[in-house]
Amino acid sequence: MNVTTPIRSAAPAPNDLSAFWMPFTPNRAFKRAPRMLAGAKDMHYFTTDSRKLIDAAAGMWCSNAGHGREAITAAIQAQAGVVDYVPPFQFGYPLAFELASRIAALAPDDLNHVFFCNSGSEAVDTALKISLAYHQARGEGTRMRLIGRERGYHGVGFGGISVGGIVNNRKSFGTLLTGVDHLPATYDREKQAFTKGEPDYGAQFADELERIVGLHGPSTIAAVIVEPMAGSTGVLPPPKGYLQRLREITRKHGILLIFDEVITGFGRLGHAFAAERYGVVPDLITFAKGVTNGAVPMGGVLTSDTIHDAFMTGPEHLIELFHGYTYSAHPLACAAGLAALDIYRDEDLFGRAKRLEPVFADAVMTLRNEPNVLDIRTLGLTGAIDLAANAGGPGKRGMEALTSAFNDHDIVLRLTGDTIALTPPLIVSEDQIGEIVDKVAKVIRAVA
Ligand SMILES: Cc1ncc(COP(=O)(O)O)c(C=O)c1O
């Protein structure tokens, strides 16, 4: 595929990079040596100079069905010609109801209601707000504390960074929400290194919740939020039994359990949601990214009947939840979402991820003897390789790996500090898994 220019731009590439303040990017270094992507199809990105790079990151955990899927593109195009925008407050658009029903049908048990927003961060803030308001609605307004987890990532809203546990995302932004506590992270390299799938060691990390409950009293705690698999911190699979234990403790104390499935939703772990993989039904699930295959921004929160129904009381002319976004359930996102769900179903992509999991895990583990590899973890179609920091300090080798991958090895990687995360689209073939691992080996050697 010969990609030259983005639509509407006459120039082959932007020639003034200063105006765009890039998110989560070292701006000055990037603008000195930009990595420009101009097109994408299936498993590949194309650069502005027409190189073809294999995508080992599904964009950013988004494009589970691969890039440029015609059915999704066609749905978005057709939708734009039908109606560009419908206000989601006080008015409805049929596709929004259809998409909510389709997502609810994929969710476990009685998680039958969907509140739409536009991103993972908004989904997290929405879930936290629903949790607080739920307790208040049923007369337990003293439940105001929120519990997150160290190394957790829940986006960048004030709610998300408050319950999140990544120091750089928190330390510059004031005092954050009050009344937040954190569980410990579930990782212990000494006891878990080079594990495929869920580590045997670590279920007891969930018992820390009992300590926190003992400290504050259960009647003060609204919700616990965790990623079933901590992703952005560098892929930490949950220890065997850990999520089950969190569920038991939260249920015992009347605390809501929120699974943040922004990256585990829509097939990454071989199921529609990780909740299904673990047989654990939380009270709320957040999702985003894969819901539209990344093609249009969208996020949302699934809630149980119990939570939803607690709001459906009082005079019927009154709003039940004072929350929502101008672009909740945007028509383009709904169209993209329905088309993405069709592809996931018709191509059995969640089942495919499950079938490929052992092949992927074996392939990624072959990297264990490469230089500076400290640990490798795999789960579903996800792998993480921890590299030792170099003399430049934490994150320097990781940044070198990202650059080497892009410039010299034609592969798009996702780096968290010095950890390479491999999260290819679920359409990846066995040959392409081999190709990705070969390229990653070369990258690791190049930055040794
Ligand atoms: C678990 C989790 N929650 C929330 C978010 C935030 O999503 P967004 O960047 O769409 O706001 C992310 C993003 O990676 C995530 O991994």
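What's the total number of residues in segment 33-49 that are touching a Ser or Thr at 6+ places or on another chain (Cβ under 7 Å) and touching a residue at least 24 places away in the same chain (Cβ under 8 Å)?
Within segment 33-49, residues that are touching a Ser or Thr at 6+ places or on another chain (Cβ under 7 Å) and touching a residue at least 24 places away in the same chain (Cβ under 8 Å) number 2.
Given the criteria closer than 20 Å to LEU341 by Cα, within 16 Å of the ligand (Cβ to nearest atom) and under 17 Å from the mean Cα position of the chain (by Cα), does ALA127 qualify?
Numbers: closer than 20 Å to LEU341 by Cα: no; within 16 Å of the ligand (Cβ to nearest atom): yes; under 17 Å from the mean Cα position of the chain (by Cα): yes.
No.
Which of the numbered conditions does GLY314 fail, given that it passes all the others? Conditions: (1) modelled with pLDDT of 95 or more; (2) over 20 Å from the mean Cα position of the chain (by Cα).
(1)
Checking the conditions here, which among ASN118, ASN112 is over 23 Å from ARG143 (Cα atoms) and within 16 Å of the ligand (Cβ to nearest atom)?
ASN118
Being surrounded by 24 or more Cβ atoms within 10 Å (Cβ to Cβ), touching a residue at least 60 places away in the same chain (Cβ under 8 Å) and either touching a Phe, Trp or Tyr at 6+ places or on another chain (Cβ under 7 Å) or in a loop (DSSP other than H, G, I, E, B) (or both) is the filter here, so list the residues in segment 414-428 that pass it.
Once the filter is applied, which keeps residues that are surrounded by 24 or more Cβ atoms within 10 Å (Cβ to Cβ), touching a residue at least 60 places away in the same chain (Cβ under 8 Å) and either touching a Phe, Trp or Tyr at 6+ places or on another chain (Cβ under 7 Å) or in a loop (DSSP other than H, G, I, E, B) (or both), segment 414-428 yields THR423, PRO424, PRO425, LEU426, VAL428.
Under the condition of being assigned to a helix (DSSP H, G or I) and of a type in the set (A, V, I, L, M, F, W, C), which residue from segment 190-232 is most open to solvent (accessible area, probe 1.4 Å)?
Among those residues, the one meeting the criterion is LEU215.
Among the listed residues GLU347, GLU357, identify the single one that is under 19 Å from the mean Cα position of the chain (by Cα), more than 21 Å from ARG445 (Cα to Cα) and surrounded by fewer than 22 Cβ atoms within 10 Å (Cβ to Cβ).
Going through GLU347, GLU357 in turn, just one is under 19 Å from the mean Cα position of the chain (by Cα), more than 21 Å from ARG445 (Cα to Cα) and surrounded by fewer than 22 Cβ atoms within 10 Å (Cβ to Cβ): GLU357.
Residue by residue through segment 309-329, note down the ones that are open to solvent by 40 Å² or more (accessible area, probe 1.4 Å), in contact with an Asp or Glu (Cβ under 9 Å, 6 or more places away or on another chain) and in contact (Cβ under 8 Å) with a residue 60 or more places away in the chain.
Once the filter is applied, which keeps residues that are open to solvent by 40 Å² or more (accessible area, probe 1.4 Å), in contact with an Asp or Glu (Cβ under 9 Å, 6 or more places away or on another chain) and in contact (Cβ under 8 Å) with a residue 60 or more places away in the chain, segment 309-329 yields THR313, TYR325.
State which residue pairs qualify: first residue closer than 20 Å to ASP438 by Cα and inside segment 348-364, second residue of a type outside the set (Asp, Glu) and open to solvent by 70 Å² or more (accessible area, probe 1.4 Å) in any location, beta carbons under 9 Å apart, and separation of 6 or more residues or different chains.
Close Cβ pairs satisfying both conditions: GLU357/LYS196; PRO358/LYS196; ALA361/LYS196; ASP362/LYS196; VAL364/LYS196.
Going through segment 301-339 one residue at a time, which ones are among the small types (Gly, Ala, Ser) and at negative phi?
The first filter runs over segment 301-339 and keeps only residues among the small types (Gly, Ala, Ser), leaving 304, 310, 314, 324, 328-329, 333, 335-337, 339.
Within segment 301-339, SER304, ALA310, SER328, ALA333, ALA335, ALA336, GLY337, ALA339 qualify.
Which members of segment 404-420 meet the condition of being of a type outside the set (Val, Ile, Thr) and either farther than 19 Å from PHE30 by Cβ or over 18 Å from the mean Cα position of the chain (by Cα) (or both)?
SER404, ALA405, PHE406, ASN407, ASP408, HIS409, ASP410, ASP418
Taking only segment 277-301 into account, find how many residues are under 13 Å from CYS117 (Cα atoms) and either more than 14 Å from the ligand (Cβ to nearest atom) or not in a strand (DSSP E or B) (or both).
Result for segment 277-301: 7.
Quick test for you: out of GLY159, GLY165, pick the one residue that is closer than 21 Å to LEU243 by Cβ and either within 16 Å of the ligand (Cβ to nearest atom) or open to solvent by less than 60 Å² (accessible area, probe 1.4 Å) (or both).
The unique qualifying residue is GLY165.
The values are calculated or read from the model by the stated rules, or taken from the named source; none is laboratory data. These numbers were taken from a predicted model, which means no experiment stands behind them. Counting neighbours? That spans all protein chains shown, and the Cβs are built from the backbone with ideal geometry, glycine included. Keep in mind that these areas ignore ligands, DNA and RNA; they rest on the heavy atoms of the full protein, side chains included. Shrake-Rupley method; radii C 1.70, N 1.55, O 1.52, S 1.80 Å.
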